[in-house]
Amino acid sequence: MLTGEEAMEIRVLLRQGMSIRSIARTLGMSRNTVRKYARESGEPGYGPRQATGSKLDAFKGYLAERVQAALPHSLPATVLLREVKEMGYAGGITILREFMTSLRPQLEPEPLIRFETAPGEQMQVDYCCLRPGKHRLSAFVAVLGYCRAAFVRFVSDERLETLLDCHEQAFAFFGGVPRKVLYDNMKTVVIERDGYGPGLHRFQPQFKDFAEHHGFQPRLCRPYRAKTKGKVERFNHYLKHSFAYPLTTRLKQAGLVLDVATANAEVGIWLRDVANLRTHGTTGEAPAELLKQERPFLMTPSPWKAQAKPQTFCLSQESNRPLQRSLEVYERFSRPVQPEARQ
């Protein structure tokens, strides 16, 4: 047993921040003895740790502003990780996700039933509306069922001519035509569901000619069951949160409004470098790689005689005049501010 003076000396050295190992060596006693008296006296076994800063600290203000600007929508951590890495962030996604959790609640994804199709069998088509009303901004979205490769074209209207033109661009992008294309009950596709009997729909005549020309069968989702085309529905969500909302909010912070020309210029890069190169959560492979396997099963496209009217521009919400902004203007305002020194 130690004397009262020795026990007091242990407590004093612990308060000074000395470790148990150092105290035992200094006083010539075992570490277990020092640890025992430290425990009985309520003193910590080790000195206080020095507080260290997080690699994310310099970027937390920027992240908080991005999250606030995107409300009521949410931005994925993967998108914000790309942005702060361009600004010099050298950390990983884990601490970024932890910080994002403190800024907004995490929502559980809705469970979905998945249906797989053979190569060249099916393409799912939908419009994803980003800005309704007079100055509409929509995205035509097509996803191949087997490989999950996606094509996106932004438009300012959803007329029949626009729909057919977007189909032709999608076929050219994928390198062929699938045997079946799945739609919801859009008016430019079907005039009357079950018009000639159960499952025998009355299709819009020009659309029907277009489908016959290219050799694909149009199929309709069941009423009120849009998630029958779940692959394109899920991609719409991905498009909004990983591309559209980040781009729109960046422009908004710079006092600009997203237009058709800018959206199409940027989405082409995003499809090539991000969306079709990512490892898909269901297939476990990149859509661009699986497209190479699916392409030989697609039918050869042929030019359609009826040409769609060209898309020119989209009007700003704040003005009735067309947006004449060049991509250089967008790039100047959308590029993240570089910090003085990279970590």
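No lab work stands behind these numbers, since they all come straight from the coordinates. Owing to the predicted nature of the structure, the values given are computational and were not obtained by experimental measurement. In this analysis, Cβ positions are derived from the backbone assuming ideal geometry, glycine residues included, and neighbour counts consider all displayed protein chains.
Residues whose amide H falls under 5 Å from that of Glu285, counting only those 5 or more places apart or on a different chain, are His280, with hydrogens built in the peptide plane.
Our coupling estimate for segment 240-253, obtained by passing each phi through the Karplus curve with A = 6.51, B = -1.76, C = 1.60 and θ = phi - 60°, is 4, 7, 9, 10, 5, 5, x, 5, 4, 6, 5, 5, 4, 5 Hz, Gly and Pro reported as x. Taking other C-beta atoms within 10 angstrom as a stand-in for reagent exposure, Asp57, Asp259 fall in the order Asp57, Asp259, fewest first.
Summarising the amide proton neighbourhood of Val181: residues at separation of 5 or more, or on other chains, whose placed amide H is nearer than 5 Å comprise Met123, Gln217, Arg219.
Considering only Cα-Cα distances, which of the following residue pairs are longer than 18 Å: Lys85/Lys240; Lys180/Lys229; Lys231/Lys252; Lys187/Lys305? The pairs that break the limit, which is 18 Å between Cα atoms, are Lys85/Lys240; Lys231/Lys252; Lys187/Lys305. Approximating the spin labels as points 7 Å out from Cα along Cα→Cβ, the Ala69-to-Ala172 distance works out to 3.4 nm.
In plain terms, the chain from Arg97 to Arg272 could stretch by 60.5 nm, reckoned as 0.36 nm per residue minus the Cα-Cα distance.
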